[in-house]
Amino acid sequence: AVAQPAYTPGQPLVPCTDPAGRRFADDSIDMGTGFDCFDPRAHTADARISDTARGNRDLLRRLMSAQGFENYPLEWWHYRYVDEPYPDTWFDFPVAGSSLR
């Protein structure tokens, strides 16, 4: 497998709405926009994305829904667990790298 290229400081940025081959390579399948792209094209049901990206978004939504997650329709990648066991609890704890390396 080819490793995802690292960002080089000073490297020109490209819009997260560019086609998959022109966006920053992130080793992901085509979802129509880059991850964390805050543009209307990132809305889960945006009609401007390709058939391939639409199929990928639909697959993600079906798989996540089958496991109890609900999509936030303004971000194709954003889901929440519907039956959250602690809906009124905020967890605040440090996150550290894995020691399993």
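Every number in this text was worked out from the coordinates using simple rules, so none of it is lab data. For clarity, every value in this text was computed on a predicted model and none was experimentally measured. All Cβ positions, even for glycine, are placed from backbone atoms using ideal geometry, and neighbour counts span all protein chains on display.
Structure data summary
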read-out	value
Residue within region 81-95 that is surrounded by 10 or more Cβ atoms within 10 Å (Cβ to Cβ), without any contact (Cβ under 8 Å) to a residue 24 or more places away in the chain and either closer than 27 Å to GLN4 by Cβ or small (Gly, Ala, Ser) (or both) present	no
Residue selected from region 77-94 under the condition outside any loop (DSSP other than H, G, I, E, B) and under 21 Å from THR33 (Cα atoms), by the criterion farthest from the chain's Cα centre (by Cα)	ARG80
Single residue of region 10-26 satisfying the filter (among the charged types (D, E, K, R) and closer than 15 Å to TRP77 by Cβ) that is surrounded by the most Cβ atoms within 10 Å (Cβ to Cβ)	ARG23
Yes/no for LEU13 being aliphatic (A, V, I, L, M) and part of a loop (DSSP other than H, G, I, E, B)	yes
Count of residues meeting criterion [assigned to a helix (DSSP H, G or I) and either touching a residue at least 12 places away in the same chain (Cβ under 8 Å) or surrounded by 16 or more Cβ atoms within 10 Å (Cβ to Cβ) (or both)] in region 31-76	10
